[in-house]
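In what follows, a structure is listed as structure tokens, so that the remarks can point back to it.
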Amino acid sequence: MKVPYLSFDHQHKILHKQLETAFKRILKNGWFILGNELVKFEQSYAKINKVKYAIGVGNGLDALVIALRALNIKEGAEVIVPSNTYIASWLAVSIVGATPIPVEPNEKTYNINPALIEKHITKATKAIMPVHLYGQCCEMDAIAKIAKKHKLFIVEDNAQAHLSTFNKKMAGSFGHINGTSFYPGKNLGALGDGGMVTTNDEVFADKVKILRNYGSKVKYNNIVKGFNSRLDELQAAFLEVKLSKLRKFTDNRIQLAKHYLKELKDIGDIQLPYTHPKATHVYHIFPILTQYRNELQAYLLKEGIGTLIHYPIPPHLQLAYKELGYKKGDFPIAEWIANSSLSLPLYPGLSINDVNFVCRKIKSFYKGKK
Ligand SMILES: *Cc1c(COP(=O)(O)O)cnc(C)c1O
């Protein structure tokens, strides 16, 4: 028996015909950039996410960069980011010339800890970027309160949490402007790169539309220095097809995660994913934390089970951020997660049988431990 970390087989089997139809339609129409397919998907995405505007862009990193540019965040500004995140959240801040200011996560949700944000706010702080990591929406009530008190923007990084909620409100609908990714492995993934900016503000929406298309609204009339970052017609059409099954696939993820939670309860030193009582989790990733992480990963690999680590090196210890001068020990919670987390296989179409197999192997691994 083999269980890969991730497989698209099930999704693509179900959606094969529809994806092929979309491809053929666009090939026949011969219109590939900024057309009706994109408008349609933007409308569908906005509706499902309960936001007024959704603007398709090239990828998730661009979505965040363009969102920050639309807010006019630039050199001299500071943006609060989580210490525990994928580096893209930090890079977006750096790309616009601002400085990422890391804040440690809550030890159970792994998301930014709202109680630690305020002491990092300075005169230069312009925004907070909550990242809904692993599929769980951040504590947006507390974060919104802080942002309001200090007159800061909120820019959500919703790359990992399509359809997750906090207080019944959708992730990606809290911020002044937000970004998400349709990288293939995300819960809503394209067949290539893709991203989206969401907002309820007409002015910001208009700015994003201009920024994604060379800074022009009228062709050859460039009013700002923009980007070439557009969600192309093919990807928009594929995503429209995928979106029709997102709820179903998400429910499938939740069901599998619940099975893992039940089977792995009280096994060894494992810390299982925890969901805040006001949040819903869509389990983009199912990380378990254990001091035996590397040994367990090697053991599972030998047994035919694929796992990944999200993420082995936190941004503050990356070479790319050496100019900020951080060292080991500066963000101990982020480092603890990086050193002890292991992501188990979880994707639509994974069977309960597969989950049982993975859990059985994990249990036998811990039999030899204290
Ligand atoms: C994937 C991801 C991004 C970047 O998305 P891309 O489409 O790969 O550029 C940003 N933030 C987080 C948290 C992500 O997981």
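Read-outs throughout are calculated quantities, based only on the coordinates presented, and are distinct from any laboratory measurement. It should be emphasised that the depicted structure is a prediction, and the values quoted were computed from it without experimental measurement. Because the Cβ atoms are built from the backbone with ideal geometry, glycine has one as well, and the counts that use them run over all protein chains shown.
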Open item on the list: Could you work out [θ]222 nm for the chain from helices alone, using -39500 (n - 2.57) per DSSP H run of at least four and dividing by all its residues? Round to the nearest 500 deg cm²/dmol.
Closed with: -12000 deg cm²/dmol
TODO: Specify whether the C-alpha gyration tensor of the range 88-166 places it in the rounded, prolate or oblate class, a ≥ b ≥ c being the square roots of the eigenvalues: rounded for a/c under 1.5, otherwise prolate if a/b is larger than b/c and oblate if not.
DONE: oblate
Open item on the list: Counting only other residues whose beta carbon sits under 15 Å from that of Trp336, what net charge do I get with K and R as +1, D and E as -1?
Closed with: -2
Task: Range in the chain, longest, excluding exposed GluC sites (Glu not before Pro) [loop by DSSP; at most 13 other beta-carbon atoms within 10 Å] - done: 108-370
Task: Coil-residue trypsin sites (Lys or Arg not before Pro) of the range 268-328, DSSP, other Cβ within 10 Å capped at 10 - done: Lys327, Lys328
